[in-house]
Amino acid sequence: MSETDDPSEYDVIVVGGGPAGQSAALYTTRLGHRTAIVDVGGGRAAMIQEVHNLIGIPESDSGMDLLGTGREQLEAYGCDFYRDRVTSCSRNGDGITLVGNSHEFAADAVVLATGFNDVRPDPPLPRTGRGLHYCLHCDAHMFVDEPVYVMGHGESAAHVAGIMLNFTDEVDLLTRGVDTEWSDETAETLANHPIDVIEADVSGVQNGEDGWLKALEFDTGETREYKGGFAMYGAEYNNGLARELGCEINEDGTVEVGDHGRTSVERIYAVGDLTPGHNQLPIALGAGAKAGIDIHFALRDFPRDPDVPESQGPVRDEEVPGIPDQLLEQAVDFHTYGE
């Protein structure tokens with residue numbers, strides 16, 4: 001981690017060190033732009049017990065394994081890491097200033113990869129990743145032919161309960177004593193499918209010796225066995241920096257983006273769970289890559305526009321390559337050129 005008391009200047013600052021942020025930084029660093037990731041730590045990816053749906057990555061790898069390997073790769077290419085929380089940001093002419101608790105940064109382009117936080121239901125709860133899950137597309141396969149619950153009282157909970165019937169014939173919908181908020185049509189749909197709606201609140205959790213959920217206890221005295229389930233209480237998007245920079249925000253709290261992660265503000269990009277769409281590792285990696293490539297097109301020095309050589313003369317040999325000296329030296333060492 002780089003440490004300095006002076007403002008640090010970079011071509012690209014990525015705020016957030018999850019898969020989307022790391023992917024964007026990988027591309028901008030390898031494409032020759034001085035890049036730093038400012039990461040507060042934690043995040044949804046860090047909580048993943050077993051990585052699913054990512055070709056080439058075994059399920060024995062955790063989210064922390066994935067992020068740790070990514071950091072090693074990025075540092076080998078010359079990307080800097082800062083453990084800090086960016087608290088404010090502003091545009092200053094063509095540049096962007098970011099102020100953290102411990103560092104200040106200046107950048108030509110910024111990638112916001114700050115994600116969101118799942119809203120957790122009140123305890124008692126199973127362990128996250130060992131019976132309490134938030135991503136249907138990631139984890140439904142784990143519960144094929146197993147008893148599962150869906151926890152929530154809104155449309156999304158009812159919808160997910162219906163989807164889980166594609167994987168198992170034992171699905172309970174736990175409203176936990178809260179009045180339901182789904183429509184009459186949804187209520188009719190639930191009534192016409194083999195889904196038990198349990199209104200009682202959860203009073204206790206039973207785990208097996210391996211730490212996985214075994215059963216939930218209810219305040220009625222009933223105990224029901226489950227392999228696991230999903231909590232559907234919405235999300236809180238970490239969009240404060242995007243708002244401060246003037247980016248367009250959707251009604252659900254996501255940051256509106258166009259092609260390649262571009263926000264409504266020039267040279268401000270948003271990727272990953274902060275943006276609309278499926279919250280999946282492969283999609284986050286792809287979004288980060290697209291943003292990194294687009295930033296390269298915006299920041300690269302060569303070829304120059306036709307009017308620049310006309311006014312300043314042809315590009316001189318000593319002006320190329322356009323990669324900064326530090327990254328140039330690191331790339332040469334990395335690939336052992338000249339041996």
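Being closer than 27 Å to Asn101 by Cβ, more than 13 Å from the chain's Cα centre (by Cα) and among the β-branched types (Val, Ile, Thr) is a property that Val12 has. So how many residues does segment 279-330 have that are surrounded by 10 or more Cβ atoms within 10 Å (Cβ to Cβ) and under 28 Å from the mean Cα position of the chain (by Cα)? Adding up the residues that qualify gives 22. If the condition is being closer than 17 Å to Leu165 by Cα, free of Cβ contacts under 8 Å to residues at least 60 places away in the same chain and either surrounded by 15 or more Cβ atoms within 10 Å (Cβ to Cβ) or of a type in the set (Ser, Thr, Tyr) (or both), then segment 123-154 contributes only Ala140. Pairing residues of segment 63-89 that are without any contact (Cβ under 8 Å) to a residue 40 or more places away in the chain with residues that are part of a loop (DSSP other than H, G, I, E, B) and not acidic (Asp, Glu), at Cβ distances under 6 Å and at least 6 apart in sequence or on separate chains, gives Gly63/Ile48.
Listed here are the residues, each with its yes/no results for (1) in contact with a Phe, Trp or Tyr (Cβ under 9 Å, 6 or more places away or on another chain); (2) part of a loop (DSSP other than H, G, I, E, B); (3) not assigned by TED's automatic domain parsing to the domain that holds Val144.
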site: Asn166; (1), (2), (3): no, yes, no
site: Leu173; (1), (2), (3): yes, no, no
site: Gly177; (1), (2), (3): no, yes, no
site: Gln206; (1), (2), (3): no, no, no
site: Ala215; (1), (2), (3): yes, no, no
site: Leu241; (1), (2), (3): no, no, yes
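Answer yes or no as to whether Arg91 is in a strand (DSSP E or B) and charged (D, E, K, R). Spell out how you get there, then give the answer.
Details: in a strand (DSSP E or B): yes; charged (D, E, K, R): yes.
Yes, satisfied.
The values are calculated or read from the model by the stated rules, or taken from the named source; none is laboratory data. Keep in mind that this is a model prediction, so the values were computed, not measured. Cβ sites come from the backbone with ideal geometry, for glycine too, and all protein chains shown count toward neighbours.
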